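Worksheet: the structure to be examined is printed underneath.
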Amino acid sequence: MSRISRLPSSLLRTAACTGVAALALTACGSGSGSGTANAGSGSVKVGLITKTDTNPFFVKMKEGAEKAAEENGVELSTAAGKFDGDNAGQVTAIENMVAAGVKGILITPSDSKAIVPAIEKAKAKGVLVIALDTPTEPESAVDALFATDNVKAGELIGEYAKAAMKGKPAKIATLDLAPGVSVGVQRHNGFLKGFGIEEGDPSVVCSQDTGGDQAKGQTAMENCLQKSPDINVVYTINEPAALGAYTALKAKGREKDVLIVSVDGGCTGTEAVKDGKISATSQQYPLKMAAEGVKAVATYAKDGKKASGYTDTGVTLITDKAQDGVTSKDTAYGLENCWG
């Protein structure tokens, strides 16, 4: 039987827990919101560290890991940053998990570069480290990466937006993630490539960071509309940012004549595509990422075989307004395969 123990985000900031790292996954994990199930002595321990524990994408990822832990008979501990970008919290979580004796750590890095030293220390102690969703920089800092091809995800919505504009001049706003986060850079660059333009192209009239947050997405869109009221295409890093942009556009009476495209494929976002709030989204599969990661650690513990390289967990363009030359699925398919 597996054991699942959750580390609340407050744990990542608690000095006392850091000071008694060996106990962090048990005593410190027993606070509000934590849960455990009995496990036999000597069971294989796996750690999952996500960027936050509130974003539906990471909630689903944790669900996938929990289910896979049960199926593979391993003990799972989970932790998350207080916010997207909380590198210090993730470093503390790695240290606590290594001290607790995990065989492998699955992590969605908040800062792809700054997290590397902590990962290298964990690997030096024989811990298998697998990145989920977001690659490290360099990607070789981890043993393996299980993720969406984020460049491809961006390309799909870029190609879609280009086709949907049907030759009309584009005035593009890009609502991005944050500096230094590879997944945001890859999706942004993929969108530009799919649309057939390069960084610095004059058709991109406004770029703002949102942290992938809905409220910040709304603010960013409001700022862009003040700068360039004639924006007609909006690229967003994820669906919360897209829904924030939609709210800002609706307040200006522009929601019907601006094309919004995004990445994620969560159930809320897919419903927004069905409702016409978002024109298209690239759907990814976090449950599969986590499940494959847990399975890889279990295999490593059993026979010493390490997962390596990059595993593409898939991406599908979801829209109810298909465009010629762009492969897509409708929202019926999207809702059958969404998460959150």
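Values quoted throughout were computed directly from the atomic coordinates according to the rules given, and no laboratory measurement underlies them. Please read these numbers as outputs of a predicted model, since none were measured by experiment. All Cβ positions, even for glycine, are placed from backbone atoms using ideal geometry, and neighbour counts span all protein chains on display.
Comparing GLN323, THR50, LEU132 along the charge dipole axis of the chain, the residue lying farthest to the positive side is THR50, per the Cβ-charge model.
Computed per residue of the chain from DSSP H runs no shorter than four, each worth -39500 (n - 2.57), the mean residue ellipticity at 222 nm is -12500 deg cm²/dmol.
For the pair SER140 and GLN226, label points projected 7 Å from Cα toward Cβ lie 4.6 nm apart.
Extending 7 Å from the Cα toward the beta-carbon at both GLU199 and ALA332 defines two label points whose distance is 4.2 nm. In terms of its C-alpha gyration tensor, the range 52-92 has an oblate overall shape, because the principal axis ratio a/c (a ≥ b ≥ c, square roots of the eigenvalues) is not below 1.5 and a/b does not outweigh b/c.
Label zone (GLU71, point 7 Å along Cα-to-C-beta; backbone nitrogen cut-off 14 Å) within the range 279-297: 286-297. The mean sequence separation of alpha-carbon pairs under 8 Å and at least six residues apart, normalised by the residue count of the chain, gives a relative contact order of 17 percent. Each of VAL74, GLY293, ALA241 was placed along the dipole of the chain (beta-carbon charges, centred on the mean Cα), and the one lying farthest toward the positive end is VAL74. Using a simple charge model, +1 on the beta-carbon of Lys and Arg, -1 on the beta-carbon of Asp and Glu, nothing else, what dipole does the chain show about its Cα centre, in debye to the nearest 20? My answer is approximately 400 debye. Label reach from LYS166 (point 7 Å along Cα→C-beta): in the range 319-340, amide nitrogens under 17 Å belong to 320-326.
Taking a quarter of the surface of the Cα convex hull of the chain gives a mean projected area of 16.7 nm². The mean sequence separation of alpha-carbon pairs under 8 Å and at least six residues apart, normalised by the residue count of the range 94-156, gives a relative contact order of 31 percent.
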